[in-house]
1. Report those strands (runs of 3 or more DSSP E) wholly inside the stretch 74-191 carrying at least 3 residues which are surrounded by 14 or more Cβ atoms within 10 Å (Cβ to Cβ).
2. Would you check which residues across the stretch 32-78 are of a type in the set (S, T, N, Q) and out of contact with any strand residue (DSSP E or B) (no Cβ under 8 Å at 6 or more places or on another chain) and list them?
3. Among the listed residues LEU173, LEU129, LEU168, identify the single one that is of a type in the set (A, V, I, L, M, F, W, C) and touching a Leu at 6+ places or on another chain (Cβ under 9 Å).
4. Could we say that SER152 is hydroxyl-bearing (Ser, Thr, Tyr) and in contact with a strand residue (DSSP E or B) (Cβ under 8 Å, 6 or more places away or on another chain) here?
5. Take the residues in the stretch 132-154 that are among the polar types (S, T, N, Q) and at pLDDT 80 or above; name whichever of them is nearest to VAL94 (Cα to Cα).
6. Which of the following residues is at pLDDT below 90, under 19 Å from ASP79 (Cα atoms) and out of contact with any strand residue (DSSP E or B) (no Cβ under 6 Å at 6 or more places or on another chain): LEU170, LEU180?
7. Closer than 16 Å to GLU184 by Cα and surrounded by 13 or more Cβ atoms within 10 Å (Cβ to Cβ) - does that describe any residue in the stretch 17-34?
8. Counting only residues that are surrounded by 14 or more Cβ atoms within 10 Å (Cβ to Cβ) and farther than 16 Å from ILE185 by Cβ, how many does the stretch 64-73 have?
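The values are calculated or read from the model by the stated rules, or taken from the named source; none is laboratory data. Everything quoted here is computed from the prediction, not taken from an experiment. A quick note on method: Cβ atoms are made from the backbone with ideal geometry, for glycine too, and the neighbour counts reach across all protein chains shown.
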Amino acid sequence: MLLLALLVVGAFALVLLAEKRRRERLAHVRAAFLVSIPAPPEHGPVLKDVALRGGAVRMRVPRQWAEEYPDEDRASFHDPGNLARVLRLSATDVASAPDGPRAFLQARAGGQATTIDELPEGCLLLRALDASREDGRDVVVFRWLSAAPLASARVRLASFSFSVPERLALDPLTRDVVALLDHEIRSARLS
């Protein structure tokens, strides 16, 4: 009986240690994403222009990525070489917050650690990172939310989320793809 109790306590300690390491790894990924995204690789993939069917957002993604458009305001893109890496894009128009787009983005972020950057033409870009589960797998989701002022006190919101398996979050290829996406999302045209 004592041996069984020791095994249970040992297994519990291992689970706690694994969870602590997972939290530390996620904190490292979050800090790297929010503080210091490297420049995209000089010799990255060939890119192609893509746009939501409604025309609200235009951007570039790697040419070999497959495209899916479930409706005019949403799309997803994935690398056929690794189907677990998925970029999802959606757009919507909302009434501008009384305090402006920055306050609106901060309210959307809630208590999460985020950054908000100013982009040309009055646009703002919020970045955040989440841990989640998709299809029974632990994933890390890199999130960008762009807000562009429109006429008549409205704001166009474009949401970009890039999901990768948690075990690949610190992978050099993932780092390069995130850097490329960050650059392309900053250059995306919201109209």
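1. Ranges flagged: 74-79, 82-95, 124-134, 137-150, 154-165.
2. Across the stretch 32-78, the qualifying residue is only SER36.
3. Just a single option satisfies the conditions, and that option is LEU129.
4. Working: hydroxyl-bearing (Ser, Thr, Tyr): yes; in contact with a strand residue (DSSP E or B) (Cβ under 8 Å, 6 or more places away or on another chain): no.
Answer is no for this residue.
5. So the residue we want is SER146.
6. Values: LEU180 fails: at pLDDT below 90.
On inspection, the qualifying residue turns out to be LEU170.
7. Yes, because at least one residue in the stretch 17-34 is closer than 16 Å to GLU184 by Cα and surrounded by 13 or more Cβ atoms within 10 Å (Cβ to Cβ).
8. First pass over the stretch 64-73, keeping only residues surrounded by 14 or more Cβ atoms within 10 Å (Cβ to Cβ): 65, 69, 73.
With the extra rule that they be farther than 16 Å from ILE185 by Cβ, the set shrinks to 69, 73.
The qualifying residues number 2.
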